[in-house]
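Peer 1: The structure follows.
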Amino acid sequence: MAEPIKFFFDQHIPDAVASALTQRGIDVLTAFQAGRCGLQDSEQLAFSLSERRVVVSFDPDYLALAASGASHAGIAWCPATKYSIGQLIQALLMVHGVLSADDMKHGVEYL
């Protein structure tokens, strides 16, 4: 069986999204929980790679890092105003349900 995705939420993703996914048994670590708020995006990306976690962010700087060839465990990205909290939860549930950690490695999923 393929390894399921584990998520790393940057500091701008609402706590309600992390709570909802965690309640459904999905492994979510937030920047706040990890004591990593305010660090550079490149540091966050390196941390998420070392933890084998897909970064979830509204920040387009992660897309630029991926395009520059930075190694990562995956990025799930969307604009901050695209979805309601419930819609973002549903989008991430779908990503988690259909993709594995291996599928996401070095990939970007545009939500």
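Peer 1: Need the full-extension length gain, Ser50 to Ala2, defined as separation in residues times 0.36 nm minus the C-alpha distance. One decimal, nm.
Peer 2: 15.4 nm
Peer 1: Return the FRET efficiency for the residue pair Ser100, Ser71: r is the Cβ-Cβ distance, R0 is 22 Å, and the value is rounded to the nearest 0.05.
Peer 2: Calculated transfer efficiency: 0.80.
Peer 1: Another question, if that's okay. Counting only C-alpha contacts under 8 Å and six or more residues apart, can you give the relative contact order of segment 1-100 as a whole percent?
Peer 2: Reported as a whole number, the value is 33 percent.
Peer 1: First select every other residue whose beta carbon is under 14 angstrom from the beta carbon of Ala101; then total the charges, Lys and Arg +1, Asp and Glu -1.
Peer 2: It works out to a net charge of -2.
Peer 1: Follow-up question, since we're still on this one. Are there any GluC sites (Glu not before Pro) in segment 1-109 that are in a DSSP loop and have at most 14 other Cβ atoms within 10 Å? List them by number.
Peer 2: Glu51
Peer 1: A further question on this structure: Need the full-extension length gain, Leu39 to Ser19, defined as separation in residues times 0.36 nm minus the C-alpha distance. One decimal, nm.
Peer 2: 4.9 nm
Peer 1: So, in Å, what gap is there between the alpha-carbon centers of segment 73-98 and segment 1-55?
Peer 2: So the two Cα centres are separated by 13 Å.
Peer 1: Another one. In what sequence do Ile85, Ile5 fall when counting other Cβ within 10 Å, fewest first?
Peer 2: Ile85, Ile5
Read-outs throughout are calculated quantities, based only on the coordinates presented, and are distinct from any laboratory measurement. The structure displayed is predicted, hence computed values, not measured ones. With ideal geometry, Cβ positions are generated from the backbone for all residues, glycine too; neighbour counts draw on all protein chains shown.
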